[in-house]
Every structure is written in C-alpha cells, then in structure tokens.
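Have a look at the structure below, then the notes.
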Amino acid sequence: MKVLLLGSGGREHALAWKLAQSPRLTTLFALPGNPGIARYARCLEGIPLTDHDAIVTVCGAEDIDLVVVGPEAPLVDGIADRLTAEGIPVFGPKQVAAQLEGSKLFTKELCKAHNIPTAAFGRFAEPAGARAFIEAQGAPIVLKADGLMAGKGVIVAMTLDEALAAVDEVFAMGVPGTEILIEEFLEGEEVSFFCLVDGETVLPFGSAQDHKRAFDGDQGPNTGGMGAYSPAPVFTPEIERRTLAEIVKPTARALADAEAEFRGVLFAGLMITSAGPKLIEYNVRFGDPECQVLLRRLDGDLLALLEATANGRLAGHDVTFRDDAALAIVMATRGYPGDYGKGSVIAGLDEADAVEGVTVFHAGTRLIGDRLTAHGGRVLNITALGTDVREARARAYEAVSLIDWPEGFCRTDIAWRALKL
C-alpha cells in the first residue's frame, strides 16, 4: 500500500515509525513531515494542509491507497470529505463528525441530548450573562473558548474573583461572535482513552495520562502536553467498561443515527470522579504526546487497523499491547507556551536513542545544513519502554540527560501521579 501521512509533529513521527513496520506498506509519503519522519517517508514540502485540491492532486499522482490525517485542523476543515468525494480512503472523520473537537458546544449539546455523563454547563454569547452564571454557581469553575484552541483555550478558576476576571479573556480567545462555555468543576483524576471507530464498530485502543501544565507540580500555563505515560493505572477494566457503555458507544450511535458516522480515532478526555467516568472533551485524532506512548506499546500492524477503520471493516480486528509501560517526556524551547526563539542547535540525539528502550520522536525540528535545530515550542519527545512506569521513566530521563540543548527544558516530574512522587 501507498500511504500519505498528513502532519509534521511528534504524533506524526510516531505514526510514521509504526506504519513503516507494516509488511503491507510499500511507500510512505508525509506532508510536510519533519527530519525524524524523513527516516521513514518521502517528505513533500511546500503544500499547506489547507490546500485540499493540491493534496488530492498528490494522491492521484502517487496512486495513494490511504491518507492518514494526523492533526485536527484539516479534519475540522473538511479534508476527509474532500478525499472521500474523490474515492480516496482516509483515516479521520468527516467535517460534521469532527465537530466533536471543533466545537465544544456541539459536544456538550450532544451529551445533553443523549444522557452522556459530563460536567453541567452553560453557554453564553455575552459577558454579562456569563458573569451572572458564575456568581450563581460559585468557584471553582471552568471557562472554555469554543473552537480549536490547541489545548490552550481553557481557564480553571479556583476563586470567584479569578473566574469573573477571566470572562473577557476567554471571549477574546475564541472567534469573535462565538459563545463561550462555562462548566462545573469536576474533581478526580484525568485520563485519556482512545478508540478506533468505523461508524459502527468501536475498538478500544488504550489509555494514557497526560501532563498539561508547563512546569513541575502541575504549575504554570496549560500547554499542548509536556509528557505522558501508558497505561493509566486509574483506568481499570471496570472504568473502561463503563466508559464504553455510557460515553463512547452512545456517541458513535448518535452520530451514525444523524448520518454523521465517525471513522477514525475518537479520543475521550475523561475525569474519573467518585460517581464514575465523565467526559471532559473529545478529540478526533490521536493525542500528542499520548500517541507516542500508545504506539510504543502497540503490538501488530497499525496500518491494517487504520485501513480497516477507514473502509468500515473494523469488526473482527483486535488491538494488542505489550505488558510494558511507556513514558514520554516533552522537551520544549524555553519560553513555551509563551514567546520562544527558533533556530537553537540540538545535539546528542544519537546518544539518547542508544539508551535501552528509548526512541526519540521529533516534534518541532528542522535541518539547517547538517545541524538539527529547534523550530517550534514542543520540539522533542523522548519515549521509553520499561517493565513498569518507574523503569520507563528512569530510561527516559537518562536519555534526556544526554541531549545537548541548553535552550530546551522539560518537566522533571512526569508520571508523578502513577508513582506518587
């Protein structure tokens, strides 16, 4: 099979790494790719992911059998609709189903209509109504901008004054004229749960726990993710059973009944409360860096699973994971998630990759001549396997210590929940 992978981050590097292991793969193309992905794929630069016509042209010129969409923005923008209309199989949902991530309001209303457990909420088009709701509900409380916010459109306000002061900020985050969401604060432990969905069949694809805050101790601003580990100890078989029965399967049925069937990976961000799992949000793609730890643990042929999902033939397939734990540490450019510089030189990756159980995925790198440079906020994903989370963590941090990049930083407490650090 000839496969085109869309995207350029650490998630896409992990997908390329795993797809390249498939005996079904003949050629892998990546658009645009990155220096790490280039080890496995022919990278096609110069075509923006917003240029759907150009992507269709590439598929025709290269006889592409399957397109795998890494990031969420092209899906929300309708790339799956365009490819499907041309008869090109695509792993990723069409635009209407991609609203699960593209619009928090869409997802909350779907939950309300189908009794899917989630936080109580209100939606507001102007600040006065939002402040009145906050004063009535009290704090802590959660404020969210609608739309794609790259993990940064959420403010968890722990006091009433903080919540009231955040209203204007959250309105400013979103597209002018759109509503904002104000939610009940849920207490518990967060988990990321993934399922492959082909419209009808729902196939569990593992759990992970992410670290959203920039600094140790879950301090600082929200980011796109500073580390992850899999499996999530809190996500027990009983919690998984309830999540499938009460949240994921009802969602898939609701979309199918509305002639908006979902085909791709459905990522449920959950809070495990004293009353059981509740949905925080949906994403319509593999998480980042959750994808990296899931794929380090995956046994078997990823390409076969993605092809079956895209073509509505997932029934009868199984997903098998190694018993090992996997952990990822994100190295970011100093200043992230605020302003940061570009072009700093990174060395020592070969030494880091040589540590037992370690694979380094590129997330925001660029080759300038023969020098690897940082060209993003989140730049490297140092992943490791181990017999348990503690061993995986030790290997990953050993690899971090071998990377020569003074302009980079990482959290030093990844997996603190699992290890009670």
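The values are calculated or read from the model by the stated rules, or taken from the named source; none is laboratory data. Remember, it's a predicted structure, so these values are computed and weren't measured experimentally. Ideal geometry is used to build each Cβ from the backbone, glycine not excepted, and the neighbour counts take in all protein chains shown.
Just the residues that are buried (at least 21 other Cβ atoms within 10 Å of the Cβ) and either farther than 20 Å from ALA418 by Cβ or of a type outside the set (A, V, I, L, M, F, W, C) (or both), please, taken from region 378-396. Across region 378-396, the qualifying residues are ARG378, VAL379, LEU380, ASN381, THR383, ARG393. Yes or no: region 186-209 includes at least one residue that is of a type in the set (Asp, Glu), closer than 30 Å to ARG390 by Cα and crowded, with 20+ Cβ neighbours inside 10 Å. No: region 186-209 contains no residue that is of a type in the set (Asp, Glu), closer than 30 Å to ARG390 by Cα and crowded, with 20+ Cβ neighbours inside 10 Å. Restricting attention to region 129-155, the residues being touching a residue at least 24 places away in the same chain (Cβ under 8 Å), in a loop (DSSP other than H, G, I, E, B) and within 30 Å of PRO289 (Cα to Cα) number 8. The single residue among ALA326, ALA308 that is of a type in the set (A, V, I, L, M, F, W, C), more than 21 Å from PRO35 (Cα to Cα) and touching a helix residue (DSSP H, G or I) at 6+ places or on another chain (Cβ under 6 Å) turns out to be ALA326.
Provide a single number: the residues in region 90-128 that are of a type in the set (A, V, I, L, M) and part of a loop (DSSP other than H, G, I, E, B).
Kept after step one, since they are of a type in the set (A, V, I, L, M), are these residues of region 90-128: 90, 96-98, 100, 105, 110, 113, 116, 119-120, 125, 128.
When the remaining residues are screened for being part of a loop (DSSP other than H, G, I, E, B), the result is 116, 119-120, 125.
Total satisfying the criteria: 4.
Among the residues making up region 363-417, those that are more than 20 Å from GLN292 (Cα to Cα), in a strand (DSSP E or B) and of a type in the set (A, V, I, L, M, F, W, C) are LEU367, ILE368, LEU372. Check region 128-140 and report whether any residue there is outside the structural domain of ALA245 (by TED's automatic domain parsing), in contact with a strand residue (DSSP E or B) (Cβ under 7 Å, 6 or more places away or on another chain), of a type in the set (Val, Ile, Thr) and within 18 Å of GLU281 (Cβ to Cβ). Within region 128-140, none of the residues are outside the structural domain of ALA245 (by TED's automatic domain parsing), in contact with a strand residue (DSSP E or B) (Cβ under 7 Å, 6 or more places away or on another chain), of a type in the set (Val, Ile, Thr) and within 18 Å of GLU281 (Cβ to Cβ).
For region 362-371, the condition of being surrounded by fewer than 23 Cβ atoms within 10 Å (Cβ to Cβ) and of a type in the set (A, V, I, L, M) holds for at least one residue.
Checking region 41-53 against the condition returns a match, with at least one residue being under 22 Å from the mean Cα position of the chain (by Cα) and surrounded by 21 or more Cβ atoms within 10 Å (Cβ to Cβ).
Within region 262-282, the only residue that satisfies the criterion of being closer than 22 Å to ASP146 by Cα and assigned to a loop (DSSP other than H, G, I, E, B) is PHE262.
For GLU238, state whether it is part of a loop (DSSP other than H, G, I, E, B) and over 20 Å from the mean Cα position of the chain (by Cα).
Working: part of a loop (DSSP other than H, G, I, E, B): no; over 20 Å from the mean Cα position of the chain (by Cα): yes.
Taking the combined requirement at face value, the residue does not satisfy it.
Among the residues making up region 123-141, a single one is surrounded by fewer than 20 Cβ atoms within 10 Å (Cβ to Cβ), touching a Phe, Trp or Tyr at 6+ places or on another chain (Cβ under 7 Å) and under 28 Å from GLY225 (Cβ atoms): PRO140.
Among the residues examined, VAL58 qualifies as over 27 Å from ASP257 (Cβ atoms) and among the β-branched types (Val, Ile, Thr).
Filtered by the rule that a residue be outside any helix (DSSP H, G or I) and crowded, with 24+ Cβ neighbours inside 10 Å, region 10-30 gives a lone residue, ALA30.
Are any of the residues in region 323-340 under 17 Å from the mean Cα position of the chain (by Cα) and under 13 Å from VAL197 (Cα atoms)? Among the residues of region 323-340, not one is under 17 Å from the mean Cα position of the chain (by Cα) and under 13 Å from VAL197 (Cα atoms), which makes the answer no. Residues of region 1-18 being of a type in the set (Lys, Arg) and in contact with a helix residue (DSSP H, G or I) (Cβ under 7 Å, 6 or more places away or on another chain), which ones? Hits for region 1-18 are ARG11, LYS18. Evaluated against (1) assigned by TED's automatic domain parsing to the domain that holds LYS212; (2) over 20 Å from the mean Cα position of the chain (by Cα); (3) among the small types (Gly, Ala, Ser), GLY269 falls short on exactly one condition, (2).
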